[in-house]
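The values are calculated or read from the model by the stated rules, or taken from the named source; none is laboratory data. Since the model is a prediction, treat every value here as computed from it, not as a measurement. Glycine also receives a Cβ, built like all others from the backbone with ideal geometry; neighbour counts cover every protein chain displayed. SASA here: full protein model, heavy atoms, side chains in, ligands and nucleic acids out. Shrake-Rupley method; radii C 1.70, N 1.55, O 1.52, S 1.80 Å.
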Amino acid sequence: MIKLRGIVFRLHPLFSLMMLVSVATGFFVELLTLFVIVLIHELGHVAAAKSFGWNVIRVELLPFGGVAETEDRGRSSAFQEAAVALAGPLQNAWMALFAVVMSRLGIWDSGWCDYFMTANMMIGLFNLLPVLPLDGGKVMQALMSRWLPYYRTLLLCSLVSLLLAAVLAAAALLGIRSSGIHLNLLVIALFLVYSNWYSYRNVGFQFMRFLMNREPVMERLIDRGTLAQPIVIYRHRKIAEVVRLFMRDKYHLVYILNDGGRIQAVLPEQKLLYAYFQLNRPGSAVSDVFVLE
């Protein structure tokens, strides 16, 4: 465990296991280099997160990157999330270019430069795969949340990530008859399968956290002035169904129609959240909670 400026950097057990194996097989220097690359990759995320005012609590280092636990109190936008995600692979890009320069100048051994450059390119490109919790998966989720309701975004991203992680595991097993199992890829793929299966099972919890953080988002949007995103529903729709239509970086006005298609009321999203949390009536129809004229 490493602590830098109040941020805890922790080795994932998978990384720790690989370090033990590397000592036994004589590849400790290579894995130590990989550790430094991953650490710099994560410091890129930390620097970007800090620039947006996020509180970074803990970073868990994995062989292919890491997972940062942040506390942004719901104020982050999809743009900020994508920028923080891309800051990691950006570090791999400049380190790979640095290795090329060192090789051309003859300062570093060409064989070592090739390894350093290849390791950076592999980590950077692998992290750009659209699989959560990889950086590419976070960018995918941020982009989807620009056009889809956030609940649907969480659900779809978990399913896409789970499917692609399973494809990676299958690809690792395809080499059994030819070159053998790609053990590193298989271990990472199985970790991603488990991670996304767990994420899929907990979509409801993730969405609940999103709803609980709506207040600072609404304050940010209203404070700067924003165009309201309308939601049009019939009066019999349940409160829980309506809030699942909320989008990440949008402020909503909910238009409620009667059975004849006429507008009976227009409610700000705060009213729906009040009914959901304070009145504890997520399963009630909108017409049962509010007096509609």
Env charge @ ARG281, Cβ radius under 11 Å, K,R +1 / D,E -1, value 0
Rounded to the nearest 20 Debye, what is the dipole magnitude of the stretch 169-293 about its Cα centre when Lys and Arg each give +1 and Asp and Glu each give -1 at the C-beta? 260 debye
Please list, ordered by chain and number, the residues whose modelled amide H lies under 5 Å from the amide H of GLN264; skip anything fewer than 5 residues away on the same chain. ILE256, LEU257, ASN258
May I ask you to give the solvent-accessible area per residue for the stretch 199-264, in square angstrom, as obtained with a 1.4 angstrom probe? 58 Å²
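For each pair in LYS138/LYS238; LYS138/LYS271; LYS238/LYS271, compute the distance between the two Cα atoms and list the pairs where it is over 20 Å.
Cα-Cα > 20 Å for LYS138/LYS238; LYS138/LYS271; rest within.
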Give the aspartates and glutamates reachable from LYS50 as a straight Cα distance under 16 Å; neighbours fewer than 8 places away on the same chain don't count. GLU42, GLU69, GLU71, ASP72, GLU81
Among 92-98, 33-39, how do they line up by average Cβ neighbours within 10 Å per residue, starting with the highest? 33-39, 92-98
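Local charge sum around LEU272 (other residues, Cβ-Cβ under 15 Å, Lys/Arg +1, Asp/Glu -1)?
Net of charged neighbours comes to +4.
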